[in-house]
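Step one of this worksheet: look at the structure below.
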């Protein structure tokens, strides 16, 4: 059978997309939009998900772009309110707020609630970035600025983009995921002068010992990579380290600006 000439082939143009033969839909996009009834599966298709993903980035950037200098703090959602860990998290949130930093948490219960509570009670900016989960969770009552995300990767971008540092309190798989993602970004120079601080040496020492005893000797990281991890037990120490990194970052930016100005003058 001969192939029909191009002009005779049935085809359908949907924006920049060309569809032919069995791929041609029976209705138009406008028709489906204006139809008040009918299948709703289209809102769950991958192209539509792209729009939802884009909207999450737009909402997040719009909400957080005017924050003051901020610190992202992570920790377990399972921390009970009557534990020393909860009290330490409240103190950390308050200390960061008094030092002029907004705090950003996952917005949930436990450690996240404690950090938000400390920041809010100290008069600081308390931010919560929630996530849609099958078993959790509403934003805690101490969040002053909050947004809920569908997608982890969009949420993680907000944690990094608007933070001066990560402080990690005791936590489980989610906390460990956030910890090593932060370390990877620093290791690969995606972010610079970005402290990653583990708060609570009693909890984290086993992890540090394993990295020193197994990961480093096995050649999986370099000695310099190990130095990317900082461990603190005092709120004042955490704040001092973040302040020092911010000062270093400012000096580096000024030096780069001066170098750029010199290059421009020499080029003229």
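The values are calculated or read from the model by the stated rules, or taken from the named source; none is laboratory data. The structure displayed is predicted, hence computed values, not measured ones. So basically every Cβ, Gly included, is an ideal-geometry build from the backbone, and we count neighbours across all protein chains shown.
Within region 76-101, track down each residue that is closer than 22 Å to residue 179 by Cα, without any contact (Cβ under 8 Å) to a residue 40 or more places away in the chain and either over 23 Å from the mean Cα position of the chain (by Cα) or not in a helix (DSSP H, G or I) (or both).
Within region 76-101, 80, 84, 87 meet the criteria.
Select from region 45-67 the residues that are in a loop (DSSP other than H, G, I, E, B) and either under 15 Å from the mean Cα position of the chain (by Cα) or within 17 Å of residue 156 (Cα to Cα) (or both) and list them in ascending order.
Kept after step one, since they are in a loop (DSSP other than H, G, I, E, B), are these residues of region 45-67: 45, 65-67.
Correct list: 65, 67.
Just to check your reading of the model, which residue among 222, 201 is more than 25 Å from residue 69 (Cα to Cα), in contact with a strand residue (DSSP E or B) (Cβ under 9 Å, 6 or more places away or on another chain) and exposed (fewer than 12 other Cβ atoms within 10 Å of the Cβ)?
Going through 222, 201 in turn, the sole match is 201.
Of the conditions (1) farther than 21 Å from residue 249 by Cβ; (2) part of a helix (DSSP H, G or I), residue 184 fails just one. Which one is it?
Condition not satisfied by residue 184: (1).
Scan region 65-75 and give yes if some residue there is more than 23 Å from residue 237 (Cα to Cα), touching a residue at least 12 places away in the same chain (Cβ under 8 Å) and surrounded by 13 or more Cβ atoms within 10 Å (Cβ to Cβ), otherwise no.
Yes, that holds for at least one residue.
Scan (1) touching a helix residue (DSSP H, G or I) at 6+ places or on another chain (Cβ under 7 Å); (2) without any contact (Cβ under 8 Å) to a residue 24 or more places away in the chain for the single condition residue 193 breaks and write down its number.
(2)
What are the residues in region 206-225 that are under 25 Å from the mean Cα position of the chain (by Cα), outside any loop (DSSP other than H, G, I, E, B) and closer than 19 Å to residue 178 by Cβ, if any?
Once the filter is applied, which keeps residues that are under 25 Å from the mean Cα position of the chain (by Cα), outside any loop (DSSP other than H, G, I, E, B) and closer than 19 Å to residue 178 by Cβ, region 206-225 yields 207, 208, 211, 225.
Tell me, which residue of region 226-241 that is part of a helix (DSSP H, G or I) and in contact with a helix residue (DSSP H, G or I) (Cβ under 8 Å, 6 or more places away or on another chain) is surrounded by the most Cβ atoms within 10 Å (Cβ to Cβ)? Spell out the reasoning first.
Restricting attention to region 226-241, the residues satisfying the condition of being part of a helix (DSSP H, G or I) are 226, 235-241.
Within this subset, residues satisfying the condition of being in contact with a helix residue (DSSP H, G or I) (Cβ under 8 Å, 6 or more places away or on another chain) are 226, 235-236, 238-239.
Details: 226: 13, 235: 20, 236: 10, 238: 23, 239: 21.
The extreme case among them is 238.
Would you pick out the residues in region 143-163 that are under 21 Å from residue 194 (Cβ atoms) and touching a strand residue (DSSP E or B) at 6+ places or on another chain (Cβ under 6 Å)?
155, 158, 159, 162, 163
Among (1) more than 17 Å from residue 67 (Cβ to Cβ); (2) in contact with a strand residue (DSSP E or B) (Cβ under 6 Å, 6 or more places away or on another chain), where does residue 170 come up short?
(2)
Going through 100, 110, 93, 130 one at a time, which residue ends up being modelled with pLDDT under 95 and either within 25 Å of residue 240 (Cα to Cα) or in contact with a helix residue (DSSP H, G or I) (Cβ under 9 Å, 6 or more places away or on another chain) (or both)?
The unique qualifying residue is 130.
Among the residues in region 243-254, are any in a helix (DSSP H, G or I), over 26 Å from the mean Cα position of the chain (by Cα) and at pLDDT below 95?
Among the residues of region 243-254, at least one is in a helix (DSSP H, G or I), over 26 Å from the mean Cα position of the chain (by Cα) and at pLDDT below 95, which makes the answer yes.
The conditions are (1) buried (at least 22 other Cβ atoms within 10 Å of the Cβ); (2) at pLDDT below 90, and residue 148 fails exactly one of them. Which is it?
(1)
Somewhere in region 133-143, is a residue outside any loop (DSSP other than H, G, I, E, B) and either within 24 Å of residue 58 (Cα to Cα) or under 12 Å from the mean Cα position of the chain (by Cα) (or both)?
no
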